[in-house]
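The values are calculated or read from the model by the stated rules, or taken from the named source; none is laboratory data. Values in this document were obtained by computation on a predicted structure and should not be read as measured data. Note that each Cβ is placed from the backbone with ideal geometry, even for glycine, and that neighbours are counted across all protein chains shown. Remember, those area values only see protein heavy atoms, side chains included, never the ligands or the DNA or RNA. Shrake-Rupley method; radii C 1.70, N 1.55, O 1.52, S 1.80 Å.
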Amino acid sequence: MHHVPAIGSRGAVCYNQPMHTDFLIIGGGIIGLATARALLMRHPGSSITLIDKEDDVARHASGRNSGVLHAGFYYSADSLKARFCRDGNRAMHAYCQEHDLRLNPCQKLVIARTPEEVEGLRELKRRGDANDVPVEIIDEQQAAAIEPHARTCGYALLSPTTSTVNPAEVCRHLRDTLSGQGVRMLMSHAYHARIRDNIVRAGGETIEAGMIINCAGLYASRIARDFGFAADFTILPFKGVYLKYTGADHPLRTLLYCVPDMRKPFLGVHFALGADGSLKIGPTAIPAFWRENYHGLSGFSASEMAEILRWQAVLFARNAFGFRTFALEEMRKYSKRYLVRHAMRMAKNLDADKFSEWSMAGIRAQLLNTKTLSLVQDFTVEGDTKSVHVLNANSPAFTSSMPFAQWVVEQWVK
């Protein structure tokens, strides 16, 4: 066992006996938790340690997302997202039902707002069929029977297997289950640095691991570079906020989505329902200036802002993947009136004035290819026999988490 030098409180060098673990998972979001679960299933009897810089799991994207269990029809059938979203929808439904976690089988309608968007519905139908996901194009009368508030220009796409859950509840249940099965959960243990080989500093601990699995979300590319990976990638954060419906009633019973621009990895503003039936519209996808740019100066980092603004400036100047147009449009959604008016193109007979309270913000960890100046669309993993780095695991990562984590363990962990 190595003795690793550390700096004491007065600057003196001291030597800590490293904590040893077979597997070290960095990140306590849904991907880190699902990875711990997959490791227990494939490597029973191994020691597994999960670290996170926060005081509990799911403090960032995993606990701040809409909780939608997507069906898997948005993505081309040859993508990892299509495969794992389809299988993950079934797995997460089964998990919630088995453990009596809240589940709202609300379905989803994708709305054609203009005649031109009908072709977008047909493309989504083709993708759903190719990926063995049940979807159906229905007319306006059929859509009204499912959701009386739906406003269409004649047609909609029905996804009967889309549901919603409480994502924080699911993550807490996984946390408690995994802890009971012997996974060591070290909260308030931020990853600080790789010392050498597979020895890292985290919180007040020195940890030596047989295999390190980086599921750090917003910080994944930064940590990966310590191990020689993510050379052509960086995280570009986007802020997502919703406007909550503050009325006492629950006017909608079905999710209402627009036809997305399939050239971009965002699904657009929609009407979202919680597992408890609560209603909100959003999210935005506003370019953020640092990784935890939730509100005001919270989580401010000057070095992060300098790096992120540099890449945003390049994308804005070149209008790469339409970034300039996209960013200016998203900034307009800081206006409640504009966001509500945008969403009301999909709904009718709702009291717009009751969408009045901003939700807790979330940050999407979107991977940028710095060579091609393009947003990475699919799940992305790099690694070797000592460390594995989940670089791009944004939406539909929550839905996809269980089969995706199993794949990571099967493909990368020997």
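For this structure, a couple of remarks:
- Fraction in percent of alpha-carbon pairs per bin - 10 Å, segment 233-313: 16, 35, 29, 16, 3
- The P(r) of segment 293-414 has a tail past 20 Å containing 64 percent of all C-alpha pairs.
- log₁₀ of I(q)/I(0) at q = 0.12 Å⁻¹ - segment 214-349, Debye sum with one point per alpha carbon: -0.60
- The distance between label points at Q411 and E136 comes to 3.4 nm (points 7 Å beyond Cα on the Cα→Cβ vector).
- For segment 90-246, the C-alpha radius of gyration divided by 2.2 N^0.38 Å, with N the number of residues, is 1.49.
- Rh by Kirkwood over Cα pairs, then Stokes-Einstein D for segment 61-145 at 0.692 mPa s and 37 °C, µm²/s: 228 µm²/s
- Paramagnetic reach from M41 in segment 76-116 [backbone N under 19 Å; point 7 Å along Cα→Cβ]: 80-101
- For segment 168-259, radius of gyration divided by Kirkwood radius, i.e. Rg to Rh on alpha-carbons: 1.12
- The alpha carbon centroids of segment 51-108 and segment 183-198 are separated by 26 Å.
- In this rough spin-label picture, where each label sits 7 Å from Cα along the Cβ direction, the E54-A144 distance is 4.4 nm.
- Of the trypsin sites (Lys or Arg not before Pro) found in segment 285-365, those in coil by DSSP whose Cβ has at most 16 other Cβ atoms within 10 Å are K348.
- Calculated [222 nm] ellipticity per residue, helices only, for the chain: -9500 deg cm²/dmol; basis is -39500 (n - 2.57) per DSSP H run with n ≥ 4, divided by all residues, nearest 500.
- Only Lys, Arg (+1) and Asp, Glu (-1) charged, at Cβ; segment 26-181 dipole about Cα centre in debye: 340 debye
- Hydrodynamic radius of segment 202-244 by the Kirkwood approach over all distinct alpha-carbon pairs: 12.9 Å.
- Surface composition of the chain: carbon plus sulfur atoms hold 50% of the accessible area, using a 1.4 angstrom probe and ignoring ligands, DNA and RNA.
- In this label model, S278 and D378 are separated by 3.7 nm, measuring between points 7 Å along each Cα→Cβ vector.
- Two-decimal Rg/Rh across segment 270-349, once Rg and the Kirkwood Rh are taken from alpha-carbon atoms: 1.06
- Karplus-based coupling profile of segment 344-358, in residue order and whole Hz: 5, 5, 10, 9, 9, 6, 10, 7, 4, 5, 7, 8, 10, 10, 5, with θ = phi - 60° in 6.51 cos²θ - 1.76 cosθ + 1.60 and x standing for Gly or Pro.
- Charge dipole of segment 107-177 (Cα centre as origin; +1 on each Lys and Arg Cβ, -1 on each Asp and Glu Cβ, all else neutral): 220 debye, rounded to the nearest 20.
- Straight-distance crosslink candidates among lysines, where the alpha carbon sits under 25 Å from K108 and sequence neighbours closer than 8 are dropped: K81, K125, K239, K244, K264, K280, K333, K336, K348, K354
- Computed from phi, the 3J(HN,Hα) profile of segment 36-52 under the Karplus parametrisation 6.51, -1.76, 1.60 (θ = phi - 60°) reads 4, 4, 5, 5, 4, 6, 8, 10, x, x, 7, 8, 10, 10, 10, 10, 8 Hz, with x in place of Gly and Pro.
- Principal-axis tilt of helix 302-318 within the chain, Cα atoms, nearest 10 degrees: 40 degrees
- Degrees, to the nearest 10: 80-98 long Cα axis against longest axis of the chain: 90 degrees
- Angle between the chain longest axis and helix 397-412 axis [Cα atoms, degrees, rounded to 10]: 40 degrees
- Projected onto planes of every orientation and averaged, the convex hull of the alpha-carbon atoms in the chain covers 20.7 nm².
- Alpha-carbon centroid distance for the pair segment 293-369 / segment 213-275, whole angstrom: 11 Å
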